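The values are calculated or read from the model by the stated rules, or taken from the named source; none is laboratory data. As the structure is a prediction and not an experimental result, all values here were calculated from the model. When we count neighbours, we look across all protein chains shown, and the Cβ atoms used for this are built from the backbone with ideal geometry, even at glycine.
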Amino acid sequence: MIKIILLALGLVLLVLAGKSLFSRVDTTSGAHPAPVSGPAVIDSQGNRISFDEFVDRLMAYDVVAVGELHDSEAHHLMQLRIIQAIYARDHSVGVGMEMFQRPFQDALDRHIAGNSTEDELLAQTEYQTRWGFPWPLYQPIIAYARQNHIPVAALNAPVELTRRIKQVGYEGLTQAEKDQLGPVDFHVQAHRDHWLPMLGHMHGNRTPTPEEKERSYQIMTVWDDYMAQSAANFKRERQLKRMIVLAGGGHVEGGFGIPDRAARYSGGKSVTVGIVVGGVNDQGPALPVDYLICVSPDLSQPGPCSGVSSPSGN
């Protein structure tokens with residue numbers, strides 16, 4: 001795996017999951033890859049490859065998980081470029097989006113089918129209150145899917161259930177509420193080891209109680225497992241070859257959030273993709289992705305990458 005430095009931002013779980021920043025990649029490999037046109041893509045062996053080769057490799061996977069900073073226009077434009085490139089190779093693809101909650105799938109289907117306006121989509125999915133990041137960031141992705149009849153999955157858990165976990169904990173949920181969530185695996189040690197230290201900072205200057213910290217972790221895990229189930233179920237129900245999952249970097253990096261779980265539920269293979277825009281930072285813990293894309297803010301040329309490490313073996 002590429003060793004990528006992640007800077008976790010924010011004081012809330014959504015920000016921790018979606019507004020992570022990649023930092024300086026380890027430069028110990030000493031490799032000096034030849035420049036390529038388009039985005040700079042670095043693979044898990046530390047090699048710089050062309051964007052076309054990168055997309056060709058993605059075709060071997062059932063779940064392609066692309067992390068994002070929720071408020072980065074460049075990230076969403078690159079996600080769109082990946083969708084376009086995969087769709088050009090194989091039309092049997094769906095797009096899963098963290099930004100919509102699963103109970104609103106019918107509204108999303110109506111819009112992709114051309115049977116509602118954007119204003120109706122936003123109202124019917126309660127986008128502004130349930131997600132709230134500026135719609136123009138995601139509009140090009142939805143417009144492309146609608147134009148090309150690419151099915152789009154509403155991945156996320158209803159906020160009513162995650163609020164309940166915050167109030168009473170997972171074990172305090174009724175059986176009916178647990179049934180709505182489906183199976184949740186709280187025993188992935190790498191996932192717990194990664195998130196628990198970060199979740200301790202979400203309560204501002206106050207030290208959270210062990211119960212508060214555990215409930216925060218339960219919410220993060222429910223998000224990951226629920227979205228993984230959403231992607232796998234959608235892929236099966238719509239008889240698709242693969243899903244492209246768009247979610248915050250914290251749900252993607254390391255693979256132990258959505259990607260591995262979605263692959264397990266679908267019986268397939270997952271791959272993780274990270275994006276760096278206009279350079280990298282030099283702080284934060286190291287986390288792996290399978291492919292790292294480095295671009296300039298307007299995507300017109302390769303962005304600077306600090307280098308790559310030897311494979312981590314993770």
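Kindly indicate whether residue 127 is under 29 Å from residue 291 (Cα atoms) and surrounded by 14 or more Cβ atoms within 10 Å (Cβ to Cβ).
No, not satisfied.
If you check residue 70 against the conditions, is it touching a residue at least 12 places away in the same chain (Cβ under 8 Å) and either of a type in the set (S, T, N, Q) or part of a helix (DSSP H, G or I) (or both)?
no
Among the residues in the stretch 232-240, are any over 17 Å from residue 49 (Cα atoms), surrounded by fewer than 16 Cβ atoms within 10 Å (Cβ to Cβ), in contact with a Pro (Cβ under 7 Å, 6 or more places away or on another chain) and at pLDDT 95 or above?
yes
Every residue in the stretch 245-287 that is at pLDDT below 95, assigned to a loop (DSSP other than H, G, I, E, B) and either among the polar types (S, T, N, Q) or more than 17 Å from the chain's Cα centre (by Cα) (or both), please.
Of everything in the stretch 245-287, those that are at pLDDT below 95, assigned to a loop (DSSP other than H, G, I, E, B) and either among the polar types (S, T, N, Q) or more than 17 Å from the chain's Cα centre (by Cα) (or both) turn out to be 278, 279, 280, 282, 283, 284, 285.
Residues that are assigned to a helix (DSSP H, G or I), at pLDDT 90 or above and within 23 Å of residue 133 (Cβ to Cβ): does the stretch 56-67 have at least one?
No: the stretch 56-67 contains no residue that is assigned to a helix (DSSP H, G or I), at pLDDT 90 or above and within 23 Å of residue 133 (Cβ to Cβ).
Under the condition of being touching a residue at least 40 places away in the same chain (Cβ under 8 Å) and closer than 21 Å to residue 140 by Cβ, which residue from the stretch 52-67 is farthest from the chain's Cα centre (by Cα)?
Selected residue: 54.
If we keep just the residues of the stretch 205-232 that are among the β-branched types (Val, Ile, Thr) and in a helix (DSSP H, G or I), which is nearest to residue 190 (Cα to Cα)?
Among those that are among the β-branched types (Val, Ile, Thr) and in a helix (DSSP H, G or I), it is 221.
Return the pair list, or none, for Cβ contacts closer than 8 Å from residues in the stretch 93-105 that are more than 15 Å from residue 145 (Cβ to Cβ) to residues that are modelled with pLDDT of 95 or more and among the basic types (Lys, Arg), at least 6 apart or on different chains.
Partner pairs satisfying both residue conditions: 101/130.
Scan the stretch 142-165 for residues that are without any contact (Cβ under 8 Å) to a residue 24 or more places away in the chain and within 17 Å of residue 236 (Cα to Cα) and jot them down.
If the condition is that a residue be without any contact (Cβ under 8 Å) to a residue 24 or more places away in the chain and within 17 Å of residue 236 (Cα to Cα), then no residue fits.
Please enumerate the residues belonging to the stretch 163-177 that are loosely packed, with under 15 Cβ neighbours inside 10 Å and either of a type in the set (A, V, I, L, M, F, W, C) or more than 24 Å from the chain's Cα centre (by Cα) (or both).
Those that are loosely packed, with under 15 Cβ neighbours inside 10 Å and either of a type in the set (A, V, I, L, M, F, W, C) or more than 24 Å from the chain's Cα centre (by Cα) (or both): 167, 168, 171, 172, 174, 175, 176.
The rows are residues; the columns are (1) closer than 28 Å to residue 212 by Cα; (2) outside any loop (DSSP other than H, G, I, E, B); (3) at pLDDT 50 or above; (4) in contact with a His (Cβ under 9 Å, 6 or more places away or on another chain).
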site: 15; (1), (2), (3), (4): yes, yes, no, yes
site: 26; (1), (2), (3), (4): no, no, no, no
site: 37; (1), (2), (3), (4): no, no, yes, no
site: 41; (1), (2), (3), (4): no, yes, yes, no
site: 74; (1), (2), (3), (4): no, yes, yes, no
site: 78; (1), (2), (3), (4): no, yes, yes, no
